[in-house]
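Here the structure comes first, spelled out in structure tokens, and everything after it is commentary.
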Amino acid sequence: MAFFDLRWQDFLDILIVAFLIYRVLMLLVGTRAMQLLRGVLIIGFIGAVANILELRSLSWIIGKMLGAFIIVVPVLFQPELRHMLEELGKGHLWKVGRNEEDIDLRAEQLSKALTYCKSQRIGALCVLQRDTSLKEVWRTAVMLKADITEELLISIFWPGTPLHDGAVVMDQQSIVAAGCYLPLTEKTDISRWYGTRHRAALGVTEMSDAIALVVSEERGEITAAVAGHFSKPLSEAQLKKICNHYFSFESKESNFMDRLREEIQLQWAGGDKNV
């Protein structure tokens, strides 16, 4: 049989190619290039059907379109291709684990943003999504899928902006959505000093395993809500430690296939539109 004619080099070859495809897709997830992949898959599917049905004119047109991608792709997706080459040069293509520099950067950006809000008495509520999906919360909000930066978070919570009253939901990679309205806690034994923002933080942590970080504009303090309970006011060092722990946490659902499936669902639903 042909199977027994395979050499050990063939198996090694297949494993190397599969690993390269896997790492390249990891770099593509979350970028505009996923939209290109969506288009190529659609055109390729139509081309396959045209070949099966022997639709020669349609097959010829699709063949020419796919050939044109060789010229169009480098022009339209120059930033993404440059980013991929930079990652390859840094050796990130071969890294299987998490990038410690990215973890530290995201943790620093989040903690600095909340610390600034605390110093300026700006109310803020950040929900850190873990294993339990918060899709029901952010599906009706403003989708962002943006990098976690201090400036963006401060801009969102700045008084008078359209999104400052709602919560921000983020995962370990990005700011997922802003202007999110959370379910309020049903507890009746909490202090009357807690306002709507704190009650919402308790509510979302009661329905999920998320972590909610709240900045009180009245008291100028930062607290964390976990499993329906508040922590004591956090110092800057404690806040940074919580952020570092969150971004370095190996979530059960944070594997490549889940991220890729979510990306494909978003793209098929129309890019950054609510799904």
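Points to keep in mind about this one:
- Flag if Thr132 is polar (S, T, N, Q), part of a loop (DSSP other than H, G, I, E, B) and either open to solvent by 30 Å² or more (accessible area, probe 1.4 Å) or at pLDDT 90 or above (or both): yes
- When Ala200 is tested against the conditions (1) touching a residue at least 60 places away in the same chain (Cβ under 8 Å); (2) surrounded by fewer than 22 Cβ atoms within 10 Å (Cβ to Cβ), the lone failure is (2).
- Hits in segment 158-194 - residues which are of a type in the set (Ser, Thr, Tyr) and not in a loop (DSSP other than H, G, I, E, B): none
- Segment 1-54, subset modelled with pLDDT under 85, not in a helix (DSSP H, G or I) and not charged (D, E, K, R), residue farthest from Ser174 (Cα to Cα): Met1
- The residue list Ala113, Ala146 contains one member that is of a type in the set (A, V, I, L, M, F, W, C) and either in contact with a Cys (Cβ under 7 Å, 6 or more places away or on another chain) or farther than 18 Å from Ala225 by Cβ (or both), which is Ala146.
- Residue satisfying all of: in segment 224-243; surrounded by 19 or more Cβ atoms within 10 Å (Cβ to Cβ) and farther than 10 Å from Ser111 by Cα; farthest from the chain's Cα centre (by Cα) among these: Leu234
- For segment 195-229, residues that are outside any loop (DSSP other than H, G, I, E, B) and not β-branched (Val, Ile, Thr) total 16.
The values are calculated or read from the model by the stated rules, or taken from the named source; none is laboratory data. None of the values given here were measured: they were computed from a predicted structure. Note: ideal-geometry Cβ built from the backbone for every residue, glycine included; neighbour counts use all protein chains shown. Accessible surface areas use protein heavy atoms only, side chains included; no ligands, DNA or RNA. Shrake-Rupley method; radii C 1.70, N 1.55, O 1.52, S 1.80 Å.
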